[in-house]
1. In the list LYS17, LYS44, LYS59, which residue meets the criterion of being at pLDDT 80 or above and over 60 Å from the mean Cα position of the chain (by Cα)?
2. Could you tell me whether THR27 is modelled with pLDDT under 80 and surrounded by fewer than 10 Cβ atoms within 10 Å (Cβ to Cβ)?
Amino acid sequence: MMKKKTKRKKKKKKKKKKKKKKKKKKTKKKKKKKKKKKKKTKKKKKKKKKKKKKTKKKKKKKKKKNKPILLEQKKTKHSSSRQPVTVQRNRNAIVITSAPA
């Protein structure tokens with residue numbers, strides 16, 4: 001017995017629907033107001049003052065005058081009693097010593 005051939009069903013092609021493009025509503029563009037540019041006033045540049053380098057002044061050494069040294073008025077380092085001191089500050093100082101009483 002021969003097999004009965006089954007007829008294949010033909011698939012119906014679906015028609016694609018064309019999509020309607022929506023028209024975009026044109027919106028009125030707002031005009032941008034142009035900002036008025038402020039005129040910049042030029043700032044005057046301050047001139048930097050050049051600092052003068054200070055030159056160090058040499059100190060003049062004062063010459064010690066030969067002043068008379070009253071030796072008994074000088075206290076000795078070790079005792080509080082006023083004794084005539086035999087140490088001279090200056091070699092050619094005029095030393096005044098009063099005679100011990």
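The values are calculated or read from the model by the stated rules, or taken from the named source; none is laboratory data. What you see is a predicted model; the values in this text were computed from it and never measured. No Cβ is skipped: glycine too gets one built from the backbone with ideal geometry, and neighbour counts run over all protein chains shown.
1. Just one listed residue meets the conditions, LYS17.
2. Details: modelled with pLDDT under 80: yes; surrounded by fewer than 10 Cβ atoms within 10 Å (Cβ to Cβ): yes.
So THR27 passes the test.
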